[in-house]
Amino acid sequence: MNLRRLKAVTKKELLHIVRDPRSLILALAQPLVMLLLYGYALTLDVDRIPTYVYDQDRTPESRELIDQFRGSRYFQIQGSVNGYKAIDQGINTSKILLSIVVPSQYSHHLLAGEEAPVQILVDGSDSNTAGIALGYAEAVVASYAAQMRSNAQVRRGGQALQPPVEPRIRVWYNSDLKSRNYIVPGLIAVTMMMIASMLSSLTIAREWENGTMEQLLSTPVRPGELVLGKLLAYFTLGVADMLIAIVVGVFAFQVPFRGNVAFLMLTSCLFLLGALSWGIFLSATARTQLMAYQLGMLSSFLPAYLLSGFIYSIQNMPKVIQAISYLVPARYFVTILNGVFLKGVGMRILGGEVILLTLYAVLVFVGASRKMRLKVA
Amino acid sequence: MPSAVEIRDLVKRFGSFVAVDHINLEVGRGEIFGFLGPNGAGKSTTIRMLCGLLQPTSGKATVGGLDIATQSEAIKQHIGYMSQKFSLYDDLTVEENIDFFSGIYGVPRERRSERKDYVLRMAGIEERRTSLTRLLSGGWKQRLALGCAILHEPPILFLDEPTSGVDPIARRTFWDLIYQLSAAGQTIFVSTHYMDEAEYCHRLALMYRGKIIALGTPAELKQSLASHHLLRLEVSDLVGSMKVLESLEGVSEVAVFGGGLHVTVADPSPAIPAIWAALKQAGIAVSVLEQIEPSMEDVFVAMIEEEERKAA
Amino acid sequence: MRERLIEIIRKEFRQAFREPRMRGMLFMPPLIQLFVFGFAVNLDVDHSRIAWMDGDRTYESRELLAGFQGSGRFDIVAEPSNDQQVQDLLDSNKVDMIVRVLPGFERDIHRGRTTSVQILINGANSNTASIVSSYASSIVNNFSSNVMEQRNRDRLAARMMPTAAHIAVPDITAKSRVWFNPELKSRNYFVPGIVVNIIMMVTLMLTAMAIVREKEIGTMEQLMVTPIQPIELILGKTLPFALVGIVDTILVVVAALLMFHVPFRGSALLLLASGGLFLMTSLGAGLFISTISQTQQQAMMTTSMFFQPFFLLSGFAFPIRNIPEPVQYLTFLNPVRYFMEIVRGIFLKGSGVDVLWPQMLALAVFGVVILSLSAMRFRKRLD
């Protein structure tokens, strides 16, 4: 490896980056846009579920039940209706997600000490929200029911009975259960993967398309120098992106940071190197920018987004997909990020992941250098 | 003295298509060697093989004494190459392009700024050293590309169609540069499809459909057209004359050229009076009828047509 | 004009389909995306890994364990014995939850006292956490009411009421019915959305790239010198990709139905018609991007930069309802939102034009506006 040639390549690549301000700005703005979306606008947390109430009973008892829902922050009563048709309409037009129907014999059953069913209808299209909403609704009913039972006991037998066994729930790491807290750290991985793969995959393909690659190949420059030079140039861009993502995430979105900054930097750089090398590898395989980009999206961004555990937990995927996720470097990086941000852990727990990331970076770099053919055909 | 370039039975196949078909030639040191032929003849393919960009299918060649199949990396240290698209980086300035290639070719530190100034001067772009390459016109880009290829003073230079798409004045200037370089001792291997540029070379090879169909100095090649003598005519009726002359015995070829006709004949002595007579009989007035020296273009066109006749 | 148009379209098709790689690229990525998205994207929590710490080891504690195991939702993967192990299990994400039964559990139950079960939830993934948390609560609550019933029976037996009357305790139960997606499979929710994603991606990207590529290579100039009319160029560049978009749509929908058994309750014709409306928007956007980009790289980066927010704020994975109010209003300007609603409506609810006409109207308006504006801008560039 000739240092002088390497320097020349790196300098040229940096010049290319700087001379295309549009791409540069887009690259730097990307993490901001994603953070804005995921940190502010998008959330999986469920509350203010629009609900209809259909009270067929219209007794003090039924109204008391309905009040339980009114008082809960999870439900937003949009109105009282008088028939199933209205509920139908509401769900079909997505005006409401849930409907509580109190049957006409409700208070009768209740006062007679019998089972008093209450109907809950939910729009299952968005299964995640539906499941959670249903859980909340059932919980409201259950706790009200327990209270009623206890009152009945008091009326009959004297003491108010407390439930014999209570669940004491404590949530670790993310006690507010804010989805933002776990999405934002993972977002750093996804953003970096996206930018890294996009930019680096285009660079070699572009030289082929322009014809400058042929010129380069006729010179003494070695493939390793070419790859490393491009890598170093895009690395600086990647680091800038990473810093933006981290700083904005922590300071603007108040995502907790409980770990070690040096460890975070080290692992981020490792990941970035691997991601960039992969992009360059792709670039050396594809002769056109369009192809390089598509390959990049499919093999870098998509897996990073879906299979890294960033939003969708890997455990719940089919075994085959889970196996594939082991090949996705973003998976290990997301684990590291979550660990560092939310749990404050370090090498002891995450050592395995760090080793895997290092291995990946080295292997792909060597692969990319090998793949860079010295011949036109 | 060992030759700069030696090619023996070189072949390059792409699938079933034979791009370069058993060619043989030698280029001496300090020569300007022209490689001519129509598009698709195999010129670029040959040059790329010599520069180590393509792996030959069979045959042997050496550049500067080094084998192209096994020592291509070493070869790259000693050559300069200018590709057909004169690939410079559009979004870099003139200076930045020079600096880049300087670094890539490993120009020694002490010589760097001297070489840079030389190239800028040679290309005539000193005032434009900080301009973006994208903004240069064709002629300047071309000279800059040449300059970038010689920063490291390579003994052998390969230029692939360096004058394509460049205006005639720029072309002339470019060839002046090539002469300068050659005078200084560099060997220059140039390919072109402009037949008139053939006159500028010390020696030529004419390539057609992967084969070399002619090899020698421009004078030798013109001589070889012993059986082809060229007459120039100016007549009152071009089309009519063509009809008459095409079927005339002793006339091999009639072509429109400029405002008149170029007629190729086997033997001018009987042909000239015969033509006079035939045209007069057809009632066509002839203002000029003279024998001229064939140009390289004529030579090549004739040779190529000969090849086509053989193939048919 | 017709002949020229046909020539351009023919050229475009040739360019697109000549290289086998290119051919592959038009149809493989959507299928791959569908495959990966469909299988990976899944918010269902079916097999939660939990750790069980039984400090009591009695009949009652094992009954509680049976309750968890019997629910079919939990897999017991570890049985830690000390605090450090608990910490490590949660730190290394090996479990979603740890259930801890303290010594004296059974004793307290038999003595009629109130006791508790400790549940430590791994909050790292808050979505999973809240789901797992509510499962766990309901199991414990269930267990609790069983205990209570038992106690009642015992109490009654102890008091020896002569009329062994069955003391009825009021029991309010929730009977839930889930519409459209009774098994609550998140896949049914996502897959239709993926269809939208893919169509948008393909048409938007390819259109923008095809045009910019010609600019970069220089053949655009070539075209401009011919007698070609701007409208012919526009149509020539967009129609092939519209066709590709429609073919991709059909391909992806069919694959979705076959691979994932997602229900399709509505009208295929309506889907195609809406798709056509939506195509106007995505092709127009592609055209627009091509007018503001000089290089393919710029086109690609601009496309993904704009694609993301539009797509994410369309209700694909994150319900619009959850978005903060001010941004919710912005989504009304997002054509993808309307198409998403239409596609979901057709797949899952079997909705027809009577329900979906507002969205279709919105799509039509957006489509016409965007396409015209882009076309005008494109035209100006050519002149």
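The values are calculated or read from the model by the stated rules, or taken from the named source; none is laboratory data. Everything numeric in this text was worked out from a predicted model, so none of it was measured. Virtual Cβ from ideal backbone geometry, glycine too; neighbours counted across all protein chains shown.
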Seminar exercise, completed: How many residues of segment A:321-331 are aromatic (F, W, Y) and either touching a residue at least 40 places away in the same chain (Cβ under 8 Å) or outside the structural domain of A:W278 (by TED's automatic domain parsing) (or both)? The answer is 0
Problem set entry | Test for B:V299: is it surrounded by 14 or more Cβ atoms within 10 Å (Cβ to Cβ) and in contact with a His (Cβ under 6 Å, 6 or more places away or on another chain) | no
For this session: Output the residues belonging to segment A:89-114 that are surrounded by 14 or more Cβ atoms within 10 Å (Cβ to Cβ), free of Cβ contacts under 8 Å to residues at least 40 places away in the same chain and at the interface with chain C (Cβ under 10 Å from one of its Cβ atoms).
Result: A:Q89, A:I91, A:N92, A:T93, A:S94, A:H109, A:G113, A:E114
Exercise. Which of (1) part of a helix (DSSP H, G or I); (2) at pLDDT below 90; (3) of a type in the set (D, E) is the odd one out, the single condition B:E96 does not satisfy?
Worked result: (2)
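Condition check ((1) modelled with pLDDT under 90; (2) not β-branched (V, I, T); (3) not assigned by TED's automatic domain parsing to the domain that holds A:R149) across all residues:
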| position | (1), (2), (3) |
| --- | --- |
| A:S72 | yes, yes, no |
| A:I77 | no, no, no |
| A:S80 | no, yes, no |
| A:Q89 | yes, yes, no |
| A:G124 | yes, yes, no |
| A:I132 | yes, no, no |
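Here is a yes/no grid of residues against (1) closer than 30 Å to C:L235 by Cα; (2) assigned to a helix (DSSP H, G or I):
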residue: C:R23; (1), (2): yes, yes
residue: C:I32; (1), (2): yes, yes
residue: C:F35; (1), (2): no, yes
residue: C:D56; (1), (2): no, no
residue: C:E60; (1), (2): no, yes
residue: C:I76; (1), (2): no, no
residue: C:Q87; (1), (2): no, yes
Problem set entry | Residues of segment A:279-320 classified as free of Cβ contacts under 8 Å to residues at least 60 places away in the same chain and either more than 17 Å from C:P29 (Cα to Cα) or not in a helix (DSSP H, G or I) (or both), total | 9
Exercise. Out of the residues in segment B:226-237 that are out of contact with any Gly (no Cβ under 7 Å at 6 or more places or on another chain) and surrounded by 16 or more Cβ atoms within 10 Å (Cβ to Cβ), which is modelled with the lowest pLDDT?
Worked result: B:H228
Exercise. What about C:A255, is it among the small types (G, A, S), under 21 Å from the mean Cα position of the chain (by Cα) and part of a helix (DSSP H, G or I)?
Worked result: yes
Problem set entry | Complete set of residues in segment A:37-61 that are at pLDDT 85 or above and within 11 Å of chain C (Cβ to nearest Cβ) | A:I49, A:P50, A:E61
Problem set entry | Residue in segment B:11-27 that is more than 14 Å from chain A (Cβ to nearest Cβ) and not in a strand (DSSP E or B) present | yes
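Okay, residues lined up against (1) surrounded by fewer than 20 Cβ atoms within 10 Å (Cβ to Cβ); (2) closer than 30 Å to A:S143 by Cβ; (3) under 31 Å from the mean Cα position of the chain (by Cα):
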{"position": "A:A29", "(1), (2), (3)": "yes, no, yes"}
{"position": "A:L36", "(1), (2), (3)": "yes, no, yes"}
{"position": "A:Y52", "(1), (2), (3)": "no, yes, no"}
{"position": "A:S62", "(1), (2), (3)": "no, yes, no"}
{"position": "A:Q68", "(1), (2), (3)": "yes, yes, no"}
{"position": "A:Y74", "(1), (2), (3)": "yes, yes, yes"}
{"position": "A:I77", "(1), (2), (3)": "yes, yes, yes"}
Exercise. Going by the conditions given, is A:F365 part of a helix (DSSP H, G or I), of a type in the set (F, W, Y), under 21 Å from A:M242 (Cα atoms) and over 24 Å from the mean Cα position of the chain (by Cα)?
Worked result: yes
Seminar exercise, completed: (1) touching a residue at least 24 places away in the same chain (Cβ under 8 Å); (2) surrounded by 20 or more Cβ atoms within 10 Å (Cβ to Cβ); (3) more than 9 Å from chain A (Cβ to nearest Cβ) all hold for C:L272 apart from (2)
Exercise. Does C:L277 meet the test of being among the aliphatic types (A, V, I, L, M), modelled with pLDDT of 90 or more and under 19 Å from the mean Cα position of the chain (by Cα)?
Worked result: no
Seminar exercise, completed: Considering segment A:209-260, residues that are surrounded by fewer than 17 Cβ atoms within 10 Å (Cβ to Cβ) and within 19 Å of A:I195 (Cβ to Cβ), and then whichever is farthest from the chain's Cα centre (by Cα), we arrive at A:T236
Exercise. Restricting attention to segment C:334-383, and to residues there that are among the polar types (S, T, N, Q) and within 29 Å of C:E214 (Cα to Cα), which single residue is surrounded by the fewest Cβ atoms within 10 Å (Cβ to Cβ)?
Worked result: C:S372
Seminar exercise, completed: Of those in segment A:1-41 that are in contact (Cβ under 8 Å) with a residue 24 or more places away in the chain and assigned to a loop (DSSP other than H, G, I, E, B), the residue farthest from C:L43 (Cα to Cα) is A:N2
Exercise. Within the group C:T303, C:T291, which residue is touching a Lys or Arg at 6+ places or on another chain (Cβ under 7 Å) and not in a loop (DSSP other than H, G, I, E, B)?
Worked result: C:T291
Exercise. Do we have B:T62 as in a loop (DSSP other than H, G, I, E, B), more than 9 Å from every other protein chain (Cβ to nearest Cβ) and either among the aliphatic types (A, V, I, L, M) or out of contact with any Leu (no Cβ under 7 Å at 6 or more places or on another chain) (or both) here?
Worked result: no
